[in-house]
Structures are given as structure tokens and as C-alpha cells.
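These notes concern the structure reproduced below.
The values are calculated or read from the model by the stated rules, or taken from the named source; none is laboratory data. Computed from a predicted structure; not experimentally measured. Cβ: placed from backbone, ideal geometry, glycine included. Neighbour counts: every protein chain shown.
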């Protein structure tokens, strides 16, 4: 068991270290997120009150687009010199391979979110600093399911023509529950008397379903 | 299976046509609704079409699961065909709902929970088609679409409930969606006949589409073999 | 319980494989004993690579049976992957990792526990100790091939599958590889390789297997 976890950890380690050494995904995701924020500001030009109302949707839309960018690259690393074949020839179950790829992507996405969050609050001049831990918690819950489903879809579209577009086409409708629950949970948190709990439950259900289903689905997908 | 389809699709076609004509005659001769007027007649298309959309997806899920389990090509052919059939019924559901909505709501579209779910379903069907087209290797395409179909089957109920919660908890529905109307009494016989007609129509479309898919694949195989032989 | 190398055996019965309607393998019967080396000879498209991919468990067995050390591929593919090593045209190396890190990655995914000294010893054995800390990206094809083949030194596999192992190796590399393979066979390993040039294998005791249009035949002389 610990050996299997070690194998999953090694895959995640390889992806994160590779990203760090090449300064590839992390930095471009971050700059892309900032660009999205600027676009929002220019397009809507919200005042302070509007900004607080818009914040939940704005955060999630930025996260969704930014994570699409990271997901497009998750399996690019395995195209190098038959690396995916190497993974599939290893002695661990396919679900463990998925777990490794997923946790690597989860870590990168969370890092980007942690940088993005304070930046958004500063740029949009929204004072919800007291709620910060709760906001981070909601983002974390949403990101678990988002990256779980996303990594699976990335594996599915890896060899497809115009895969980035296809990935967006598949991911956006399937994450609709996540977007609804994530936005509503944040909105309920930020307004007095809002009910957060039902939305948190929906987020947890989504996470559990995908984390249970995705490793199996990955196995079916790669077994020729 | 395909041979069986070839033999029977003519019979199914005639049965579909007869039931559909009977159903339409019943729909047009039924009295207009005292509240909705003639617009209610659209529901006789809208409701069976919506049922068939979901039934197509159910069928797709079963075919996909069977393909992943047994890895036999006929299941994949059925899956590919049911995506097209399902997309057609879903598009019809949305179009008829929208036509119904114009006189009833005064707008072509409202973010009603059921319509929103149907829209997501249509995008999912489109995604399944796009994924199959985008993958060069037919085996990989078969596996990927089968897995996606199963993920969708798990996701659709979650999508539906989240949309319902969103529309009800967030802002209470100001008007009922087209599918929520209850139909009783005189209006029941035409609906029943139309439902049967749509089931037959779905079966016929599935048979014809499966034959087309099978024929196209056979032709592609021949073409590859011809190319391989001419290259030695 | 580890089976002793003496009863290590590979058995293939009536193996078929088809891509769509294109039949590539049409009834292969093959068995290998401990310490035995089989060399697959045949034209391009005769099915050599497909056979190796099926034996490596990279491709599913569609029809027929395949047993390794008494394990059946339909039930214990993962365990079999831990007992065999496949080195094909791809080296499965990650360019941004050093040779040491690449070996560590391989070890963790094969569930092998290897100390750093062990990893360094392997890197030295393949003649790359001077480059142990450099990213593999800058290595020549021959250096990559040596490193990929060096994986067998980390833990002796029971079955070694090689697809054109001599390509990209210079004269010294060929001599080195033949020495490694010789001691591998002496230790009781089984080896099956596909090769185009029988001259380089001449140094090894081996059995020639002729593959034509997906069948094993007596000789290739009447090839049209």
C-alpha cells in the first residue's frame, strides 16, 4: 500500500518538479489568471458594492479558465519519448497512475489559486479578508472535483485534434454543478444570512463521485 | 444485428408513420386548452421528445458499458448511432419548448431548470460527437466516447438537481416550465399515441443510423486495406 | 513466495491480434525456458512489434493464452508487469530529470526499493557517471538507450523484451550490451528480442524465430 502511494507521489513529484524546472505551466497559468482579472475589470468596471456581488462568479470563472490551461498540459509531459507507454507498463494499477497525475495537477492549481485570491481582493478592492479561510476552504472543495474530472478529460482528449478546444467543450458542461455550487456557496458566505451548507454538500457529493469514478474510468480508457 | 436491422427497418418505418399520423390527427382534433389555447398542441411533441432524449441517453449508457466490458464492435456502433438520435430528439425538445415559450412566457428562452438541463444534455451529445471525430484511432475513439458517456450518465442527475436547486433556492420560479403542465382527461389519448409514435421513431432512426455507421466503417476498412496493398 | 528462476517459463498458445479487421498475429505458439534467448526475425509488418507489445502486456490478448511464470495475463497483468521489462523504440525517459531521477522514477513505479548507492551503481554500470546529475534532455540517442537498458540492472527481470536493442548503439555499446545480456541469460533470465541484424546477436547463444504475416514459420527463404 505504502509502495503504491509512493508510486503515485513519484508521478506527482515528477510533474511538479518538471514544471518548476521548465517554469512552464505554473507561471503561464498565473499570468493568464491576472489577464482574465484585468479583462473583467475593463469589461464590467464594477464599483465596490458590485465587486462584492460579482466576486464569487468572477473567482470561479477565472479558476475554471485558468485550470483549463493547466489541464491542456497535464498529459503533454507523457508524450515525450513514449512516456505514457512507460507508465502503462509499470507494475501499479491504472488507478494509482491517475491518482499521481491528479495530485500533481491539483497541487499546481491550488498554488495558482492561493496566489490569485489575494490578488483579486486587492485589485477589485473587496474587503472580505476576515472570511479568507472559509473562502479558501470552498475553493479547495471545488478544485478537488474540478481537477479530478479535468485530468480524466485531459487523458481522454490527449491525442485528439484541436484538443484544447475539445477539452473546454467537454469540461464546461460537466462542471456545471461545480460552478453553481461553488458560486452559490461563496455568495452565501459573503452575504449576511446566506445558507452555505446545502451548496457545500453539493460540492462534496460532486467531489466524492468523481474521485470514486475517475480512477476506474481512467483504467477503462487506457486499456487497449 | 445489422442484418436484422436491414430486414426490419422498413416495417418499423411503416408502423412509425401510421402511429405518427394517427397521433397528429388526434392532437389536431383535440379541443384547445382553455388557458393555453392552441399552443398546448406543441406539448404533444415536446413531452415525448424530451422523454426520448433521456431514453436515448439511457440506451447510450448501456451500449457504452457493454462495449467497455465486452469490447465488441456492434455495441460501439449502437453507441455512435444513439448519440445522433439523442441529439436530434434533444434539439427537437429545445426547439418545441422554445416555440411553446414564446406565447406562454413572452420569450423564446427562460432559464427554467428542465430547459437548462436539456441544453446541457445537448452540449454533451455534441461533445460526444466532437470527441469521436477528433480521435484518429477508431478503437481509442470508441473507448473514449464510451467512458465519456458513462461519466455523463453519472453527471446528468447531479447537473439536473444542482440546476433545480439553483433555480428554486436562489430565486423562486416565476412560471412553470412546459413539461410541468399536467395533462388529463381528453388530452391523454393523443399523448399516449404520440409517445408510442416517438418510441417507434426512435427505434427506426437508431436502426437506420446504425446501418449507416456500419456501412461507413466497412468502407473505411476496405479503403485502408486497398491502400496497404497498393503500397506493398 | 518467489518462484525460483529454474521453473521460470513463458508460454504462448494460439495468440491472435487484430487492429480493427486487420489481422496482425494469426496463431502464435511460443515458449521460452529459463536462460533461453529467442530472436524474432521478419520483414516490416510481419508482426514482431505487435507480438512484443502483447507479451509486454501493452496490448490486450484478444484471442489465445499467454502465461508467464504460471501467471495468466488475463488475471495478473499487473504482477506480470513487475516481472518483465520491455525496451522498445522509445526510452520512456523524462528529459527534465537526471539519470538518477529517471531511475528512481522507474524504481518507484515498478515497486522496487532502491537506495541511492544502488541507483548510482547502475548509472556507473551504463557508463554515465559523469552525467549523473544532468538532465537527460541533452543526452545522445546512444546514451539514452544505455540508460533505458540499464533499468534491467536495477532488478533482474524474469523476462526481457527488446525491440531493436542495437539501434543507436555504437560498436562499444554493442559489446557492452552483449556482455550484459550474456550475464543476464547465465543468471537464468529469459530474453526475446526483435532484430534486423543477426550479425550483432551472433555473440549470444540464441534460437531464431521467423515471423511472416503474423505466423511463426520454419524459414524465411521462400519469402516472395
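Quick look at the numbers
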quantity	calculated
Enumeration of residues in region C:85-103 that are touching a residue at least 40 places away in the same chain (Cβ under 8 Å), more than 8 Å from chain A (Cβ to nearest Cβ) and either in a helix (DSSP H, G or I) or more than 19 Å from the chain's Cα centre (by Cα) (or both)	C:99, C:102, C:103
Options A:49, A:119, A:111: the member that is surrounded by fewer than 18 Cβ atoms within 10 Å (Cβ to Cβ), farther than 26 Å from residue C:137 by Cα and at pLDDT below 90	A:49
Residue list for region C:104-128, filter: surrounded by fewer than 14 Cβ atoms within 10 Å (Cβ to Cβ), more than 13 Å from every other protein chain (Cβ to nearest Cβ) and touching a helix residue (DSSP H, G or I) at 6+ places or on another chain (Cβ under 8 Å)	C:116
Subset of region A:197-217 (residues that are under 17 Å from residue A:131 (Cβ atoms) and either free of Cβ contacts under 8 Å to residues at least 24 places away in the same chain or at the interface with chain B (Cβ under 9 Å from one of its Cβ atoms) (or both))	A:197, A:199
The one condition in (1) closer than 28 Å to residue A:215 by Cα; (2) without any contact (Cβ under 8 Å) to a residue 12 or more places away in the chain; (3) more than 14 Å from chain C (Cβ to nearest Cβ) that residue A:2 fails to fulfil	(3)
When residues of region C:200-213 are limited to those that are in a loop (DSSP other than H, G, I, E, B) and out of contact with any helix residue (DSSP H, G or I) (no Cβ under 8 Å at 6 or more places or on another chain), the one nearest to residue C:170 (Cα to Cα)	C:202
Test: residue in region A:174-189 that is farther than 18 Å from residue A:57 by Cβ, assigned to a helix (DSSP H, G or I), facing another protein chain (nearest Cβ under 7 Å) and over 15 Å from the mean Cα position of the chain (by Cα)	no
Single residue of A:132, A:121, A:106, A:97 found to be assigned to a helix (DSSP H, G or I), more than 14 Å from chain C (Cβ to nearest Cβ) and closer than 29 Å to residue A:8 by Cα	A:106
Long-range neighbours under 6 Å by Cβ, at least six apart or interchain, first residue closer than 17 Å to residue B:3 by Cβ within region B:214-227, second assigned to a helix (DSSP H, G or I)	B:214/B:2; B:214/B:77
Residues within region C:55-77 that are touching a helix residue (DSSP H, G or I) at 6+ places or on another chain (Cβ under 9 Å), assigned to a helix (DSSP H, G or I) and at the interface with chain A (Cβ under 10 Å from one of its Cβ atoms), tallied	0
Some residue of region C:196-211 being crowded, with 21+ Cβ neighbours inside 10 Å and within 21 Å of residue C:122 (Cα to Cα)	no
Within region B:36-67, considering residues that are buried (at least 21 other Cβ atoms within 10 Å of the Cβ) and over 18 Å from the mean Cα position of the chain (by Cα), the one nearest to residue B:199 (Cα to Cα)	B:40
Selection count, region C:17-40, where residues are touching a residue at least 60 places away in the same chain (Cβ under 8 Å), out of contact with any helix residue (DSSP H, G or I) (no Cβ under 7 Å at 6 or more places or on another chain) and in a strand (DSSP E or B)	7
